[in-house]
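Here's the structure we're looking at; comments come further down.
The values are calculated or read from the model by the stated rules, or taken from the named source; none is laboratory data. Note that this is a predicted model, so its numbers are computed, not measured. As a convention, Cβ positions derive from the backbone with ideal geometry for all residues, glycine included, and neighbour counts pool all protein chains shown.
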Amino acid sequence: MPGPTLDFIGTIIAALLTIMVLSYLIGDNAFFRLASYLFVGVASGYAGAIAWHNVIRPVLVDPLIRFGPSGLLTREGVGTLLIPWILSLLMLLKLSPRTTRFGGLPVALVVGVGAAVVVGGGITGTLLPQALAAGEALGPETMIPAAGEPIASWAERLISGLVLFLATLSTLMYFRFGARREATGRVHRSRFTQGMAYVGRIFIALTFGVMYAGAMTASILILAERVQFLRHAVIGWMGG
Amino acid sequence: MPEVRCPMCSAPNPETADVCGECGARLKPLVAGGDLGLPHEEAGAPGPPPGVEDGEEDWLARIRSQALTSGGEEPTEEESGESPAPDWLGRLREADSGYEEGPPEGVLPEWMDEFIAAGDESEAAAAEDEGLEQAEQVPEWLARIRAKQAMQKAAIPEEEDWLERLRHEGEAEIPAAEEPPSEIEAMPPSEALEEPLPEPEAEEAVQEGLAAEAEPETLPAESPFFAEDLDALTEEMPLPEVQEEGPEAPPLAPEDLEGEALPHVPALVPEDQSEVPLVEIGESDLEGVELPDWLEDLRAEIPVSAEEPEEEVESPDLAPATLPSWLEAMRPTDAFRPEIEIEREEEQPVESAGPLAGLRGVLMAEPVVAKPRMATAAAAQLEVTERQYAQAELLQRLVDYEQQEMAPSEGPAMRIPFVRWAISLVMLVAVLIPFSFERMGMRGYPLPASISPDLAPLIQRIGDQPVDRPALVVFDYTPGYTGELSSVAGAVVGQLTQRGYPIATLSTRPTGPPLAERMFAEAAAAGAQVSHLGYLAGGPTAVQLFSIAPRDAVLSGFHLPREGEEKDPWAIEGLRQVQRLSDFGLVVVITAGTETARTWAEQTHPWIGDTPLIMVLSAGAEPLVRPYFEAADRRVDGILTGLPSAVSYRQLSGQPQLAASQWNAFGTGMLAAQLILLAGGAYGFISWLIRRAQG
């Protein structure tokens, strides 16, 4: 089948699926559900195919075919072929309730290694740099104007540093849930903590507002792109 | 001039006065039998009260005179060193000394008979030195009551009355009450009542008692009777019974003195209650005495119980046990009859079951076992707080709700989503209108005039990088964001292809490789060197592994050229020199999620070296990624987000602009969204004002 014909059919199908998804504006209907099921099914199948082509075959199957079963027991094959095969087979044992406990070993390995990587990266990549950045907001470079620097520039930097420090501190104090218990049994936070938490709540609200605005902007851009696509599809279908 | 003290306020008044000059109280009560003048306290010795006929000798005056004759003058209160008594006690004394009209000489009153019959000679002889004075201060009615109680105590063996033992324990602190006189102990209790002494013998006993007054050294310092009186009189409690029950006993109300109202212990209730000797107080005995209010109430109730003593004298063996209130509260209250009437044997039912079948007079277990009874007072008084009560109510509601039969629920009412339709229609029209701008002769939205200060350094950074090293472009977003990110990332991709970078694509999502292929399809068709490394499985761990050793993390590519499909993807031209992440000339991450952006910023930093990391973000992810860019130790070297920035980027980098229809549609769509938000906010504010006005 010639290429332009495939593109044309693909464009028509894409346009129909787009209209089916947009039909949710009217309400939940069969067309929207059909489009959703199609997307989930196609995405899953495609992910399975990608997993086979990019992971299973090059990592497990191809080496086994290339080196044969004897390659599993070689010095190099034990680490790169035998152990991956054993862990993969143990993972398959989780399919059966009777043998699912044998699949705990690869799962534990995956979870443990993943947690260690995430925590380590979080500390060195996010926690320490952000804490240092918040501390430098009120450092000498921020507080003292440079030689010959305009006052407006220095004031802008100073205010920015103060706002950054206040936002960081107040937001952290908002998530500090420690409180004192009075003799009457009532638990309350100190006035300073309450005030800072209130300020932190304002900064958090501003952050979520900006995120919501960004999401709305992205959605409008996507809608405009889809409407433009439909217009081109209709024009193409009408032969324009 | 003789004075008369007012019984109410103790103020001195002339003897002839009928009412008190201070408080107006009557000094001469209206009592039949003559004038009951008050005694002459100033005389020091009690003389015959005025108004008493000469032929009638005051028996009490005789006793006093004899006592004075033998013991000297009666000391006054000040001389005796006694503390002044309370007002009510003074009134009692006055009433006792002035109002009482004793029997004629030689005739003993009834209470004296009983007193003598009880064999309490020591009590009868208590009219010695200080005892005589106290006897004058104690009213006769009170003395009778105490004498009667003393007789009852003597009549009931201590071993059988546990309550009396309790009382004695309470009285143990009183030294004078510890040891009763030997005469009382030696005398059998029943003899005192069953064999009353004849009057001559009683008179002799009185004479003996009076004779004993002359020998005070041979008598105990304080007889139990007067010791008890002293304690009772010095106490402010009005009832002697209360004072006898020990320090823990609460005061009894005057109405408790009534026999019918007194609680009884069933085990101690005699078969015939009428035989119980009660206090013999006649109405005539009380008429001449001005009594306190509480005693007046008692006096009004006395006739009811005074009818019984004639029958009660017959069998005074047992007395009704009076429980103090604190002991009564501990007593289990049974629902069944507290006193079991024992029927005659022929009237008793025959046992029909068990080993005692056929026998009469068998104790019926049914009243004890089968019939329900009330719990004890302590267990019945369950203390429930308001919170517990509320929880119990809530639990009860839940239980009741579970038992309710649910009515068949009607489906939700079909509501037409007018608001949603209206907003959808407005947004669709808003993004469709720009396509007609040209026909309508309208100009579209101008390109953004203000350019973000972050764009110029980004463009310069990409433009300054040497093109001998490949650029890695990571597609980490789902197909749903293609409409946005393809437009935004197109600016960076266009600059990369424009400069001739060898490009390698990668994705940590299975749907990423086709998106990358689509993005670079046009560039690849134009001859650009593009290699798709495909899908990188493993999340953050795989990213770190790729940063350390890209060749070990990616073993196969995606849609590689057919001739290289079976080969190592790193053998493709442009990727051969790559051994680690820092060997790439540029790393661009296109993502719509903050987690993915953070993963790449965190995991690649230790191994990325001087290679710049550029983030192309969806508009919603920028706020959480920007701190990595603005920090002093940057983890991200450049950010490009949003369509306006992409348009500005194309302007600054000299790339062809997007279609005007898309830019205009984005502008009208944003305007419509802002108008809808303003309308919604105004509607909410007005609704709030209306609700507030309506209260």
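State all residues of region B:615-629 that are within 7 Å of chain A (Cβ to nearest Cβ) and charged (D, E, K, R); if no residue qualifies, say none.
Listed by number, the list holds a single entry, B:E622.
Does region B:518-535 contain at least one residue that is surrounded by fewer than 24 Cβ atoms within 10 Å (Cβ to Cβ) and closer than 13 Å to B:Y649 by Cβ?
Scanning region B:518-535, I find no residue that is surrounded by fewer than 24 Cβ atoms within 10 Å (Cβ to Cβ) and closer than 13 Å to B:Y649 by Cβ, so the answer is no.
Pick from region B:630-647 the residues that are over 20 Å from A:A215 (Cα atoms) and more than 11 Å from every other protein chain (Cβ to nearest Cβ): which of them is surrounded by the fewest Cβ atoms within 10 Å (Cβ to Cβ)?
B:D637
Answer with yes or no whether A:I86 is at pLDDT 90 or above and away from chain B (no Cβ under 11 Å). Don't jump to the end; show me each part of the working.
Details: at pLDDT 90 or above: yes; away from chain B (no Cβ under 11 Å): yes.
So A:I86 passes the test.
Given the structure, is B:T604 among the β-branched types (V, I, T) and within 30 Å of B:L455 (Cβ to Cβ)?
Here the answer is yes, as B:T604 does meet what is asked.
Quick one: in region B:430-453, which of the residues that are part of a loop (DSSP other than H, G, I, E, B) and without any contact (Cβ under 8 Å) to a residue 40 or more places away in the chain is farthest from A:R231 (Cα to Cα)?
The selected residue is B:P453.
Please report, ordered by residue number, the helices (runs of 4 or more DSSP H) entirely within region A:94-203 with at least 1 residues that are farther than 27 Å from B:R626 by Cα and within 14 Å of chain B (Cβ to nearest Cβ).
Qualifying helices (runs of 4 or more DSSP H): A:104-122.
One residue is enough: does region A:46-62 have a residue meeting the conditions within 30 Å of B:R420 (Cα to Cα), part of a helix (DSSP H, G or I) and within 13 Å of another protein chain (Cβ to nearest Cβ)?
Within region A:46-62, not a single residue is within 30 Å of B:R420 (Cα to Cα), part of a helix (DSSP H, G or I) and within 13 Å of another protein chain (Cβ to nearest Cβ).
Condition test on B:P612, is it closer than 27 Å to A:A131 by Cβ, within 9 Å of chain A (Cβ to nearest Cβ) and not aromatic (F, W, Y)? Before the answer, list the steps.
Working: closer than 27 Å to A:A131 by Cβ: yes; within 9 Å of chain A (Cβ to nearest Cβ): no; not aromatic (F, W, Y): yes.
Against the criterion (closer than 27 Å to A:A131 by Cβ, within 9 Å of chain A (Cβ to nearest Cβ) and not aromatic (F, W, Y)), B:P612 does not qualify.
Say we look at region A:76-103 and pick out the residues that are small (G, A, S) and surrounded by 13 or more Cβ atoms within 10 Å (Cβ to Cβ); which of these is nearest to B:T541 (Cα to Cα)?
From region A:76-103, those small (G, A, S) are A:77, A:79, A:88, A:96, A:103; that's our starting set.
Checking the rest, the ones that are also surrounded by 13 or more Cβ atoms within 10 Å (Cβ to Cβ) come to A:77, A:88, A:103.
Working: A:G77: 22, A:S88: 17, A:G103: 20 Å.
My answer is A:S88.
Going by the conditions given, is A:Y24 in contact with a Ser or Thr (Cβ under 8 Å, 6 or more places away or on another chain) and within 14 Å of chain B (Cβ to nearest Cβ)?
Considered against the rule, which asks whether it is in contact with a Ser or Thr (Cβ under 8 Å, 6 or more places away or on another chain) and within 14 Å of chain B (Cβ to nearest Cβ), A:Y24 comes out as no.
Pairs under 6 Å by beta carbon, first residue of a type in the set (V, I, T) in region B:637-658, partner assigned to a helix (DSSP H, G or I), six or more apart or different chains?
Once the first residue is of a type in the set (V, I, T) and sits in region B:637-658, its partners that are assigned to a helix (DSSP H, G or I) give B:I639/B:F629; B:T641/B:A619; B:T641/B:E622.
Considering only residues of region B:496-541 that are among the polar types (S, T, N, Q) and either closer than 13 Å to B:G557 by Cβ or in contact (Cβ under 8 Å) with a residue 24 or more places away in the chain (or both), which is farthest from the other protein chains (Cβ to nearest Cβ)? It would help to see each step written out before you state the result.
So the first thing to find is which residues in region B:496-541 are among the polar types (S, T, N, Q), and the list is B:497-498, B:505, B:507-508, B:511, B:529, B:531, B:541.
From what is left, the residues that are either closer than 13 Å to B:G557 by Cβ or in contact (Cβ under 8 Å) with a residue 24 or more places away in the chain (or both) are B:497-498, B:505, B:507-508, B:511, B:529, B:531.
Numbers: B:T497: 21, B:Q498: 23, B:T505: 13, B:S507: 9, B:T508: 11, B:T511: 6, B:Q529: 21, B:S531: 14 Å.
Going through the qualifying residues, I end up with B:Q498.
Mind telling me which of the residues B:A660, B:A597, B:A592 ends up being over 60 Å from the mean Cα position of the chain (by Cα), within 14 Å of another protein chain (Cβ to nearest Cβ) and at negative phi?
Selected residue: B:A660, the only one of B:A660, B:A597, B:A592 that is over 60 Å from the mean Cα position of the chain (by Cα), within 14 Å of another protein chain (Cβ to nearest Cβ) and at negative phi.
Every residue in region A:25-72 that is surrounded by 14 or more Cβ atoms within 10 Å (Cβ to Cβ) and of a type in the set (K, R), please.
A:R57
Mind checking which residues of region A:210-238 are in a helix (DSSP H, G or I) and more than 7 Å from chain B (Cβ to nearest Cβ)?
Matches in region A:210-238: A:Y212, A:A213, A:S219, A:F229, A:L230, A:H232, A:A233, A:V234, A:I235, A:G236, A:W237.
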